[in-house]
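Have a look at the structure below before the remarks.
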Amino acid sequence: NIERTNRTQMTKTEENKKVLLDALERSLGIVTTACRSVKLSRTQFYEWMDNDPKFAAKFKDIKEMQKDFVESELFQTIKDREHPAQGANIRFYLGRIAKDRGYVERQEITGAEGMPTNFQIEIIDSANETKD
């Protein structure tokens, strides 16, 4: 009987995950909007993100879809020659969220992908050096 209850509970959890992922897709990855629409808490969402790699991977795909959407809006704005402020807002978003797609104004060095994370900087004050 306990095993049956656990199985039912797991099925309900999996169903809730699917419902939430569908809501996240509809909301283009906006967590609060999706959670409210399916009456699940943001806490529950973050628990699943931390403890379920499959759920986290599906959410990552949704975030990529979000970038695709905004990127397509930028291209449409360029194509339609719309108001520059709209394009600026889109570029602002892409510069923050889609850096991995090249939307950066400056080069950033992070500890990701095998890059060193321990840097040592030495400042040399040439004005205080003694001359021989």
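The values are calculated or read from the model by the stated rules, or taken from the named source; none is laboratory data. Here the structure is a predicted model, which means the values were calculated and not measured. Using ideal geometry, Cβ is built from the backbone for each residue, glycine included, and neighbour counts are taken over all protein chains shown. Heavy atoms of the whole protein, side chains included, go into the accessibility calculation; ligands, DNA and RNA do not. Shrake-Rupley method; radii C 1.70, N 1.55, O 1.52, S 1.80 Å.
Within segment 120-127, identify whether any single residue is out of contact with any Lys or Arg (no Cβ under 9 Å at 6 or more places or on another chain), at pLDDT 75 or above and open to solvent by less than 100 Å² (accessible area, probe 1.4 Å), and answer yes or no. Full working, then the answer.
Taking segment 120-127 and keeping what is out of contact with any Lys or Arg (no Cβ under 9 Å at 6 or more places or on another chain), we get 120-127.
Next, from what is left, pick out any that are at pLDDT 75 or above: none.
Within segment 120-127 (the criterion being out of contact with any Lys or Arg (no Cβ under 9 Å at 6 or more places or on another chain), at pLDDT 75 or above and open to solvent by less than 100 Å² (accessible area, probe 1.4 Å)), the answer is no, since none of the residues qualifies.
Listed by first and then second residue, the pairs with beta-carbon distance under 9 Å, at least 6 apart or on different chains, first residue in segment 42-65 and more than 18 Å from residue 97 (Cα to Cα), second exposed (fewer than 14 other Cβ atoms within 10 Å of the Cβ) and of a type in the set (A, V, I, L, M, F, W, C), are 48/56; 49/56; 50/56.
When segment 23-81 is limited to residues that are small (Gly, Ala, Ser) and part of a helix (DSSP H, G or I), the one that is surrounded by the fewest Cβ atoms within 10 Å (Cβ to Cβ) turns out to be 57.
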